[in-house]
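Contents: one structure, followed by commentary.
The values are calculated or read from the model by the stated rules, or taken from the named source; none is laboratory data. Because the structure is a prediction, the values reported are computed rather than measured. In this analysis, Cβ positions are derived from the backbone assuming ideal geometry, glycine residues included, and neighbour counts consider all displayed protein chains. Remember, those area values only see protein heavy atoms, side chains included, never the ligands or the DNA or RNA. Shrake-Rupley method; radii C 1.70, N 1.55, O 1.52, S 1.80 Å.
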Amino acid sequence: MSLQFTEKEMQLLQDQQSHEKVCIEKYQKYASQASDPQLKQLFQSYAQQEQQHLNTINSILSGQVPTMNQNQQQQQSSQSQSGQATNQTASSSASANPADTMLCKDMLMTEKYVSGAYDTAIFEFTDTNIRQALNHIQKEEQKHGEGLFNYMSSNGMYNVQ
């Protein structure tokens, strides 16, 4: 069975492919620039998950619809949660490094944008399995945003008012 994409579906997939590549590059670059070891680890973990997202998008573009079975969902969900647990153990008393703060703010902004782009894409696809795969990726992007927020909040980089 060969997948036939509408022009719009193809364009949305190519956009998401581009977004994932940018996320991978940024997380890898920022992991090397971050001064806090916990932040380095968080960025490295998210870079690996973004690579999985890119692999999924590439698979869809090559005509293979991934089936998101419970094992994959639980495994990837636990990976996202492990990053959050690291964030929550960060010391609140540590003074926020301005360079690390900027890296976090940029990645949080990026995750907000990418998650929104997935939201739009999900509604445009006719194939249910592709919609489910994109929805799964979007949930992980939201977890990245939550993990970044938790890290920033616990390190005095983001004050909720």
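General remarks:
- Reported count of residues in segment 53-70, each being surrounded by fewer than 16 Cβ atoms within 10 Å (Cβ to Cβ), part of a helix (DSSP H, G or I) and modelled with pLDDT of 80 or more, is 4.
- The residue pairs whose first member lies in segment 91-116 and is part of a helix (DSSP H, G or I) and at pLDDT 95 or above, whose second member is among the acidic types (Asp, Glu) and surrounded by 16 or more Cβ atoms within 10 Å (Cβ to Cβ), and whose beta carbons are closer than 6 Å, counting only pairs six or more residues apart or on different chains, are Asp100/Asp36; Glu111/Glu141; Val114/Glu141; Ser115/Glu141.
- Those residues of segment 115-161 which are open to solvent by 40 Å² or more (accessible area, probe 1.4 Å), among the aromatic types (Phe, Trp, Tyr) and more than 14 Å from the chain's Cα centre (by Cα), in sequence order: Phe123, Tyr158
- Inclusion of Glu25 among residues that are under 18 Å from Asp119 (Cα atoms), at pLDDT 95 or above and assigned to a helix (DSSP H, G or I) is not warranted.
- Residue list for segment 30-49, filter: surrounded by fewer than 18 Cβ atoms within 10 Å (Cβ to Cβ), within 21 Å of Met157 (Cα to Cα) and under 15 Å from the mean Cα position of the chain (by Cα): Gln41, Gln44
- For segment 71-90, the candidate set comprises residues that are in a helix (DSSP H, G or I) and open to solvent by less than 40 Å² (accessible area, probe 1.4 Å); within that set, the residue that is modelled with the lowest pLDDT is Asn87.
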